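Everything on this sheet refers to the single structure shown next.
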Amino acid sequence: MVLKSPYDLLKVSLDEKIDVKLKENIMLKGILHGYDKHLNMVLEDVEETKTDVNVETEKIEVTKRNIDMLFVRGDTVILVNTKLREE
């Protein structure tokens, strides 16, 4: 498989589970249903994990929640991890 642009990686990952790291220490895992050139995405069956670090008390708090359908604004995306389909 030859990928000519970063968007090709998302294209082959449509309807597949992906990981998305966002600003504010938020990690999403869900099924990619759509995206655009700004990296706005629509994810389904999302597991959101938020990690809060308190520097003063050195405590780490992790909260998780499940979301049926989620629109992710592209300017919050830091990283997208996909699994390529084998052909």
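Of note:
- Contact map, region 74-86: first residue within 11 Å of LYS23 (Cβ to Cβ) and of a type outside the set (A, V, I, L, M, F, W, C), second residue open to solvent by less than 40 Å² (accessible area, probe 1.4 Å) and modelled with pLDDT of 95 or more, Cβ cut-off under 6 Å, separation 6 or more or different chains; pairs are THR76/LEU22.
- Residues in region 1-29 that are exposed (fewer than 13 other Cβ atoms within 10 Å of the Cβ), under 21 Å from ASP68 (Cβ atoms) and in contact with a helix residue (DSSP H, G or I) (Cβ under 8 Å, 6 or more places away or on another chain): 0 in all.
- Options LEU39, LEU32: the member that is closer than 16 Å to LYS83 by Cβ and touching a helix residue (DSSP H, G or I) at 6+ places or on another chain (Cβ under 8 Å): LEU32
- Checking each residue in region 63-75 for being surrounded by 11 or more Cβ atoms within 10 Å (Cβ to Cβ) and either farther than 26 Å from PRO6 by Cα or in contact with a Ser or Thr (Cβ under 9 Å, 6 or more places away or on another chain) (or both) picks out only ILE67.
- So ILE78, is it open to solvent by 70 Å² or more (accessible area, probe 1.4 Å) and modelled with pLDDT of 95 or more: yes
- Hits in region 36-69 (condition: part of a strand (DSSP E or B) and farther than 17 Å from ASP19 by Cβ): ASP52, VAL53, ASN54, LYS59, ILE60, GLU61, THR63, ASP68, MET69
- Checking LEU43 against (1) modelled with pLDDT of 90 or more; (2) open to solvent by 70 Å² or more (accessible area, probe 1.4 Å), the condition it does not meet: (2)
The values are calculated or read from the model by the stated rules, or taken from the named source; none is laboratory data. For clarity, every value in this text was computed on a predicted model and none was experimentally measured. Here the Cβ is made from the backbone with ideal geometry for all residues, glycine too, and neighbour counts use every protein chain on show. The area values use the complete protein model at the heavy-atom level, side chains included, leaving out ligands, DNA and RNA. Shrake-Rupley method; radii C 1.70, N 1.55, O 1.52, S 1.80 Å.
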